[in-house]
Amino acid sequence: MARQAALVSLPRRTLRPGQLVVAVTKGVRAEESGDLRILPDVLAEAVAADVREQVGWAAIIGPAIAGEVAARRETCVVFCGRDETVIDRLAEAFRTDWYHVWTSTDFVGAEICAAAKNCYALGIGLAEGELERRGEAAGRDRAHNYEAALFAQGAGEMRQWASLVGGDTETALWLPGVGDLYVTSTGGRNVRVGRLLGSGLGFAVAAERLGNPTLEGASAIVVFGEALGKLTERGVVGPDDFPLMRHLYEVIGQERPVNMPWSRFFGGEPARAASV
């Protein structure tokens, strides 16, 4: 809590009119009502109002593994913000012949995808754990079908999240959404904890097994999951919306075993015809 307070209070002492702030940390906050707010907007609240409106706010979104960027591997990202002049200025400053930058004024849509993709990447990690739980981890056949279905459902839910916060649903279909989800689901802490959960461990035990590291996906799942309960009560979303995120919250926030709600995905699976 102290560290978080220090980070939030820092801009009050250092920001001046005309400066540009670029967020690279992803996150989301839910209000008491369940309404979601993107991290840059939360951080901006700590800045005095007379300065806040004179500071340029932006974020870098997209598939950019730090080691690959440091090694100058080809990387495509999106600089997003509400002020097109600000993001164009930043993009020009950062763009190279290997670091390719696009811009978007869909600030909320891009940021909500950036937070949600960590959750869905953790879910995709469940697949390998399921193989271990079944005693099939050494087999030739993997669980790519399982992973692909969760990837597709997660992509669809990211579109819904973007719409819910007033963003553009198309944002979920390129670098800020499916692009970032793909690279995040190929490895990292979120996927590793997902694998342990799929193998049958509870979340607390799985996190301890990894040394209790920072797990962005798990933290975001709790925020999204608790928000969904309130938004459903208010009638903002339906009880059948976001079935994957709801189940991830059951697994992470409520320590329930994995029991993937396949038939609720993609708008609901048609019932099987009765045998004659």
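The values are calculated or read from the model by the stated rules, or taken from the named source; none is laboratory data. Keep in mind that this is a model prediction, so the values were computed, not measured. Heads up, the Cβs are rebuilt from the backbone with ideal geometry, glycines too, and the neighbour counts pull from every protein chain shown. Side chains are part of the model used for accessible areas, which takes the heavy atoms of the whole protein and leaves out ligands, DNA and RNA. Shrake-Rupley method; radii C 1.70, N 1.55, O 1.52, S 1.80 Å.
Taking amide H as placed 1.01 Å from N in the peptide plane, residue 23 has its amide H under 5 Å from the amide H of 58, 59, 60, each at least 5 places away in sequence or on another chain. Spin-label point model (7 Å from Cα, Cβ direction): what's the residue 52 to residue 152 distance in nm? Distance between the two pseudo-spin positions: 4.3 nm. Net length available on complete extension from residue 209 to residue 95 is 37.0 nm, with 0.36 nm assigned per residue and the Cα-Cα distance removed.
Relative to the longest principal axis of the Cα atoms of the chain, the long axis of helix 216-233 lies at roughly 80 degrees. With all protein chains kept in place, the per residue accessible area of region 8-136 amounts to 48 square angstrom at a probe of 1.4 angstrom. Between residue 82 and residue 254, the contour length at 0.36 nm per residue exceeds the Cα-Cα span by 58.3 nm.
Given R₀ = 45 Å, what would the calculated FRET efficiency be for residue 163 paired with residue 136, taking r from the Cβ atoms and rounding to 0.05? Rounded to the nearest 0.05, the efficiency is 0.75. Computed from Cα positions, the angle between helix 2-14 and the longest principal axis of the chain comes to roughly 30 degrees. Summing +1 for each Lys or Arg and -1 for each Asp or Glu among the other residues whose beta-carbon sits under 13 angstrom from that of residue 263 gives 0. Ignoring solvent entirely, what values of log10 I(q)/I(0) come out of the Debye formula for region 133-276 at 0.16, 0.20 Å⁻¹ when each Cα is a single scatterer? Taken in order of the listed q values, log10 I(q)/I(0) reads -0.99, -1.46.
In the chain, the longest principal axis of the Cα atoms and the axis of helix 189-198 are about 20 degrees apart. Measuring only protein heavy atoms, the 1.4 Å probe finds residue 264 accessible over about 90 Å². The calculated 222 nm mean residue ellipticity attributable to helices in the chain amounts to -15000 deg cm²/dmol, summing -39500 (n - 2.57) over DSSP H runs of n ≥ 4 and dividing by all residues.
Per-residue extension of 0.36 nm, minus the Cα-Cα distance of residue 70 and residue 145, leaves a gain of 23.7 nm for this segment.
For region 78-108 versus region 215-276, the spacing of their alpha-carbon centroids is 34 Å.
Highest-first packing order for the peptide set 106-113, 135-142 is 106-113, 135-142, based on the mean count of other beta carbon atoms within 10 Å.
Modelled spin-label separation between residue 219 and residue 24, with each label point placed 7 Å from Cα along the Cα-to-Cβ direction: 1.7 nm.
Using a 1.4 angstrom probe on the protein heavy atoms only, could you order 230, 26, 117 from most to least accessible area?
Details: 230 75, 26 45, 117 20 Å².
Largest accessible area first, the residues go 230, 26, 117.
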